[in-house]
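Only one structure is covered here, and it is reproduced in the block below.
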Amino acid sequence: MLAPNALTVDVEDYFHVAALAPSIHRDSWGSRESRVVDNTRKLMDIFGRFDARATFFVLGWVAERHPRLIRDIAASGHEIACHGYSHSLVYEQTPEVFREETLRSKNLLEDITGSAVIGYRAASYSIVRETLWALDILADLGFTYDSSIFPVRHDRYGIPDAARIPHRLLTPNKKDLVEWPLSTANVFGYRLPVAGGGYFRLLPYWLTRWGLASINRKEQRPFIFYLHPWEIDPGQPRVPAGWLSRFRHYTNLEKCEGRLQRLLGEFRFGTVKDSLVQLGLLS
Ligand SMILES: [Zn+2]
C-alpha cells in the first residue's frame, strides 16, 4: 500500500506571516490579539473527526507562550516538528544566528514534549540555493529530515529545478539528510504547486484534487500538504498591506475549512515521520 500523504501545519499566528511582515513590526507581536491556540485546536478537532495524524511544525515563539497547546498536540498522537524560533527568513540570517535560533526552538519543543524533534521547516520555505548551508546546520543539530524546499519559481522562495519527490540528500558538507519538498503536480513538464496554503485557497478545489490525485495515482507517491491555523479563520484582524499580500493572505479564508474537510475525506493522511519510515527514507 502507498505510504500515507503527509498532513502538515505550520503553527504560527496571522501576524507572523512573511507577506505581512512589512506592516507588522516584531515589537508589536506580544501586544496583538493571539488566535493561534483556538485555530490550532480547531484544526486538531477537524483532523480528529477524520482520524488523521499530522505533523505540526511549531514556531518557538508560539511554543514558549503556549506550552500546553504543544503538549496537547503531541498527546493527541501528532508529530511535533520545528518551524524555527522567530519566523525570520533564512536568507536574512547569518549561519550563526540561524544555528542559535534553530537550536533554541528545538530545545524548547523537546523540553515541552519530552521527545526528540527530528523534522524542520523554514519560515516561508526560505531554504533556497543561496542558503543551502542551512541544511548542514540542521544535520549538525540532530534533525533527520527537512521540508523547506519549494521546487517552484516564486518571488520569496523556491529552487525551481530542485527534486520534486522525497529523497535522501547530501548537504554541502556531505552530511545525510532527508528532504521532502513541497508537492507539485507535473502538468506537461510544468510544476503546479498544489501543496496547500495560499495555493489551496486560490486554486479551484477540483484542480488541487486532480493534482494531488495524479501524484498518488500516476506517480504512485504520497504528497505533502500544508496549512496554517490562520487560514481557517476568516474573523482574524485585518492588517494593512500591499494588494498582492492582501490577496495572498485573505482570499477564500471562509472557504478553506470546508475544502479541508473534503480533502481529508478524499485522501489518506499521516505524519511526515511515519510516511518517510514507510518510504524507507527514515529508520
Ligand atoms: Zn511559517
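The values are calculated or read from the model by the stated rules, or taken from the named source; none is laboratory data. Only a predicted model underlies this, so the values are computations on that prediction, with no experimental measurement involved. Cβ: placed from backbone, ideal geometry, glycine included. Neighbour counts: every protein chain shown.
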(request) Return the residue satisfying two criteria in turn: it lies in the stretch 164-173 and is assigned to a strand (DSSP E or B) and either among the β-branched types (Val, Ile, Thr) or under 17 Å from Thr131 (Cα atoms) (or both), and of such residues it is farthest from the chain's Cα centre (by Cα). (result) Leu170
(request) Considering only residues that are within 16 Å of the ligand (Cβ to nearest atom) and of a type outside the set (A, V, I, L, M, F, W, C), look in the stretch 46-63 and name the one that is farthest from the chain's Cα centre (by Cα). (result) Gly60
(request) Provide a single number: the residues in the stretch 128-154 that are under 15 Å from Leu281 (Cβ atoms) and free of Cβ contacts under 8 Å to residues at least 12 places away in the same chain. (result) 0
(request) Working carefully through the options Asp176, Asp155, Asp161, find the one that is more than 16 Å from the chain's Cα centre (by Cα) and over 26 Å from Ala3 (Cα atoms). (result) Asp155
(request) Give the stretch 120-164 a look and list any residue that's of a type in the set (Val, Ile, Thr) and more than 16 Å from the ligand (Cβ to nearest atom), or say none. (result) Ile137, Thr144, Val152, Ile159
(message) Condition check: within 14 Å of the ligand (Cβ to nearest atom), of a type outside the set (Val, Ile, Thr) and in contact with a Leu (Cβ under 9 Å, 6 or more places away or on another chain). Does Ser88 satisfy that?
(response) no
(request) Quick one: His167 ticks every box in (1) at pLDDT 95 or above; (2) within 16 Å of the ligand (Cβ to nearest atom) except a single one, so which number is it? (result) (2)
(request) Evaluate the stretch 217-237: report whether one residue or more is among the hydroxyl-bearing types (Ser, Thr, Tyr), within 16 Å of the ligand (Cβ to nearest atom) and surrounded by 13 or more Cβ atoms within 10 Å (Cβ to Cβ). (result) yes
(request) Output the residue which, of all residues in the stretch 233-278 that are among the small types (Gly, Ala, Ser) and out of contact with any strand residue (DSSP E or B) (no Cβ under 8 Å at 6 or more places or on another chain), is modelled with the lowest pLDDT. (result) Ala241
(message) Which numbered condition in (1) hydrophobic (A, V, I, L, M, F, W, C); (2) touching a strand residue (DSSP E or B) at 6+ places or on another chain (Cβ under 6 Å); (3) within 16 Å of the ligand (Cβ to nearest atom); (4) within 30 Å of Arg221 (Cβ to Cβ) is the only one that Ala18 fails?
(response) (2)
(request) Considering only the stretch 1-113, give the strands (runs of 3 or more DSSP E) lying wholly within it that have at least 1 residues that are more than 20 Å from Phe143 (Cβ to Cβ) and touching a Phe, Trp or Tyr at 6+ places or on another chain (Cβ under 8 Å). (result) 5-11
(message) Can you confirm whether Glu79 is among the charged types (D, E, K, R), in contact with a strand residue (DSSP E or B) (Cβ under 7 Å, 6 or more places away or on another chain), closer than 20 Å to Ala122 by Cα and away from the ligand (no atom under 15 Å from the Cβ)?
(response) yes
